[in-house]
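The values are calculated or read from the model by the stated rules, or taken from the named source; none is laboratory data. Owing to the predicted nature of the structure, the values given are computational and were not obtained by experimental measurement. Glycine also receives a Cβ, built like all others from the backbone with ideal geometry; neighbour counts cover every protein chain displayed.
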Amino acid sequence: MNSAIRIHQYGGPEVLTLETVTAGDPAAGEVRLRHSAIGLNFIDVYQRTGLYPLGAFPQTLGMEAAGVIEAVGPNGEGFSTGDRVAYAMDLGAYCNERTISVDKLVKLPDGIEDQTAAAMMLQGMTARYLLKSSYPGQAGDTILVMAAAGGVGTLLSQWANHLGVTVIGCVGSPEKARLAQEHGCHHTILYKDEDVAARVRDITGGAGVAAVYDSIGKATLTASLDSLRPTGTLVSFGNASGPISDFNIGLLAQKGSLYIQRPTLATYIRSRELLDQCAGDLFDAVQSGAVKVRIGQTYPLADVAQAHRDLDARKTTGATVLLP
Ligand SMILES: NC(=O)c1ccc[n+]([C@@H]2O[C@H](COP(=O)([O-])OP(=O)(O)OC[C@H]3O[C@@H](n4cnc5c(N)ncnc54)[C@H](OP(=O)(O)O)[C@@H]3O)[C@@H](O)[C@H]2O)c1
């Protein structure tokens, strides 16, 4: 029996419904994949609530998973039955088995377990493009990372630290501060209680940081801009507190000729070449030990509504994996 978690309308975690569906046979250029582990990501919340609109209902949520190929359709070149694979940024992951285009898949190296893969593909490839493309962090830079104890945050902070970058992490609690320090942050700021820009000026001797990687959005926009050095870069890559609207571009001039980018992972893995490069770099970073993947919590797939509640309530740390 193939179970899937589908939604028939936008809303709270209660709209996530366990249903029985047929995976079907793979069409041309597709495979049928049996999932062994599924990644939970904040984009799942945006899609559940309708902040990022989906097509017609019903929809199976979930953007990332790992598993084993069960069947290969015509022209599914390069992939065979029994291959261990993973993917990110393809809707429909909350299920036991599914069909999927081979364009989305990467083969997993022996040293990467399925749960680790499901925990890191989306968040880890995001950390990679943020650090290597959005603002390429260099030894000697100081950067500010929001939600530093979260899924993307723990990976990004470790990777930046490994590159010789000084990392300041903003977190929601003292426990999360300890975790962020164990995952690459040299300094932490409790952004619910402290003046972020003032603390950043203290830590950097008044200079400000080269880049802020901000996944919080609305609530942290001003603090992020005020933490930058002249000509610094704000990479605004998420909306956990709500989206930024009515942005006054003149602020960038007033606050020191700043740069701003609003990127998405989809752009950075849009071709087979880019996907292989991005995933390959991530596998190397994890297999070398430079970046450790922290699975903070797992849930049975059937309990995904609770996983969404916990993510929404800022209770999770590191990555979250759903087990089908
Ligand atoms: N653009 C892209 O390509 C891309 C790709 C992947 C992820 N993202 C973004 O990166 C962010 C992190 O994603 P993730 O999956 O790794 O999640 P996560 O960081 O594990 O969880 C979100 C964290 O954000 C913090 N937060 C602050 N204000 C919040 C609020 N109002 N509601 C909920 N959480 C809040 C919480 O940490 P504290 O308690 O420490 O504040 C929470 O634990 C998300 O915004 C996501 O959309 C963007």
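State whether the residues of the stretch 234-248 include one that is over 21 Å from L51 (Cα atoms), of a type outside the set (A, V, I, L, M) and part of a helix (DSSP H, G or I). No, because not a single residue in the stretch 234-248 is over 21 Å from L51 (Cα atoms), of a type outside the set (A, V, I, L, M) and part of a helix (DSSP H, G or I).
Considered as a group, the residues in the stretch 141-154 that are among the β-branched types (V, I, T) and farther than 11 Å from R294 by Cα include one that is nearest to the ligand (Cβ to nearest atom), and that residue is V145. Can you run down the residue pairs with Cβ atoms below 6 Å, 6 or more apart or on separate chains, where the first is in the stretch 106-120 and in a strand (DSSP E or B) and the partner is surrounded by fewer than 19 Cβ atoms within 10 Å (Cβ to Cβ) and at pLDDT 95 or above? That search, which allows pairs on different chains as well, returns K107/D83. Put simply, of D193, D202, D246 the only residue that is at pLDDT 95 or above, among the acidic types (D, E) and closer than 30 Å to D44 by Cβ is D193. For the criterion of being touching a Lys or Arg at 6+ places or on another chain (Cβ under 7 Å) and of a type outside the set (K, R), I189 passes.
Residues considered: A279, A290, A266, A285. Of these, the only one that is at pLDDT 95 or above, exposed (fewer than 14 other Cβ atoms within 10 Å of the Cβ) and farther than 23 Å from K192 by Cβ is A266. All of E64, E14 fail the test of being touching a residue at least 12 places away in the same chain (Cβ under 8 Å) and out of contact with any helix residue (DSSP H, G or I) (no Cβ under 6 Å at 6 or more places or on another chain), apart from E14.
The residue list S36, S80, S101 contains one member that is more than 16 Å from the ligand (Cβ to nearest atom), among the hydroxyl-bearing types (S, T, Y) and either free of Cβ contacts under 8 Å to residues at least 60 places away in the same chain or assigned by TED's automatic domain parsing to the domain that holds G238 (or both), which is S80.
Taking the listed residues L251, L258, L225, L234, the one that is out of contact with any helix residue (DSSP H, G or I) (no Cβ under 6 Å at 6 or more places or on another chain), surrounded by 17 or more Cβ atoms within 10 Å (Cβ to Cβ), in the same structural domain as I189 (by TED's automatic domain parsing) and of a type in the set (A, V, I, L, M, F, W, C) is L225, with no other qualifying. The helices (runs of 4 or more DSSP H) found wholly in the stretch 257-324 and carrying at least 3 residues that are more than 16 Å from the ligand (Cβ to nearest atom) and more than 20 Å from E113 (Cβ to Cβ) occupy 272-287. Taking the conditions (1) in contact with a Pro (Cβ under 9 Å, 6 or more places away or on another chain); (2) more than 10 Å from the ligand (Cβ to nearest atom); (3) more than 16 Å from F237 (Cα to Cα) in turn, S133 satisfies each one other than (3). Residues that are on the phi > 0 side of the Ramachandran plot and surrounded by fewer than 23 Cβ atoms within 10 Å (Cβ to Cβ): does the stretch 139-152 have at least one? Yes, the stretch 139-152 contains a residue that is on the phi > 0 side of the Ramachandran plot and surrounded by fewer than 23 Cβ atoms within 10 Å (Cβ to Cβ). Among residues of the stretch 39-63 being more than 13 Å from the ligand (Cβ to nearest atom) and among the aliphatic types (A, V, I, L, M), the one that is surrounded by the fewest Cβ atoms within 10 Å (Cβ to Cβ) is A56. Highlighted here are the helices (runs of 4 or more DSSP H) found entirely within the stretch 155-233 that include at least 2 residues which are more than 15 Å from the ligand (Cβ to nearest atom): 196-203, 221-226. If you go through the stretch 85-94 one residue at a time, do you hit one that is in contact with a Ser or Thr (Cβ under 6 Å, 6 or more places away or on another chain), within 27 Å of G12 (Cα to Cα) and buried (at least 21 other Cβ atoms within 10 Å of the Cβ)? Yes, the stretch 85-94 contains at least one residue that is in contact with a Ser or Thr (Cβ under 6 Å, 6 or more places away or on another chain), within 27 Å of G12 (Cα to Cα) and buried (at least 21 other Cβ atoms within 10 Å of the Cβ).
A66 satisfies every condition listed in (1) out of contact with any Leu (no Cβ under 8 Å at 6 or more places or on another chain); (2) under 23 Å from V304 (Cβ atoms) except (1).
Taking (1) more than 19 Å from the chain's Cα centre (by Cα); (2) over 21 Å from G111 (Cβ atoms) in turn, S288 satisfies each apart from (2).
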